[in-house]
């Protein structure tokens, strides 16, 4: 795809990160939250941004590489918290908000 010079496309191109950088972000968040995962996978996903298996496998939509850091952080924290709390209850929401307070 050739750049057309529009400001929207420039923003996307400036935000695009490499898979290794994304995986490093996941590792950093995992350490902050105090969880361990087994695997990280990036692949195209049609209906969601990420998933977390009970065995510690994290799968993220490859389109996250094109999203701003704050958005990526929300998805990463959400999936990593599932390694501690499997549901979306009050404790999950409270922890999610506290970890992401800097982005709000």
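The values are calculated or read from the model by the stated rules, or taken from the named source; none is laboratory data. Computed from a prediction, not measured in an experiment: that's the story for all the values here. As a convention, Cβ positions derive from the backbone with ideal geometry for all residues, glycine included, and neighbour counts pool all protein chains shown.
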Open item on the list: Looking at the range 78-91 only, could you name the residues that are more than 16 Å from residue 38 (Cα to Cα) and under 16 Å from the mean Cα position of the chain (by Cα)?
Closed with: 78
Open item on the list: I'd like to check something: does the range 55-67 contain any residue that is over 18 Å from residue 22 (Cβ atoms) and out of contact with any helix residue (DSSP H, G or I) (no Cβ under 6 Å at 6 or more places or on another chain)?
Closed with: yes
Task: Any hit, the range 17-27, residues being modelled with pLDDT under 95, within 14 Å of the chain's Cα centre (by Cα), surrounded by 11 or more Cβ atoms within 10 Å (Cβ to Cβ) and over 24 Å from residue 87 (Cβ atoms) - done: yes
Task: Residue list for the range 67-92, restricted to those being assigned to a loop (DSSP other than H, G, I, E, B) and surrounded by 12 or more Cβ atoms within 10 Å (Cβ to Cβ) - done: 67, 68, 82, 83, 84, 85, 88
- [ ] Would you please list the contacts, defined by Cβ atoms under 6 Å and residues six or more apart or on different chains, that run from a residue in the range 49-68 that is over 13 Å from residue 38 (Cβ atoms) to a residue that is exposed (fewer than 15 other Cβ atoms within 10 Å of the Cβ) and at pLDDT 95 or above?
- [x] 62/43; 62/44
Open item on the list: Suppose we keep only residues that are surrounded by 18 or more Cβ atoms within 10 Å (Cβ to Cβ) and closer than 20 Å to residue 102 by Cα within the range 28-66. Which one would you say is farthest from the chain's Cα centre (by Cα)?
Closed with: 30
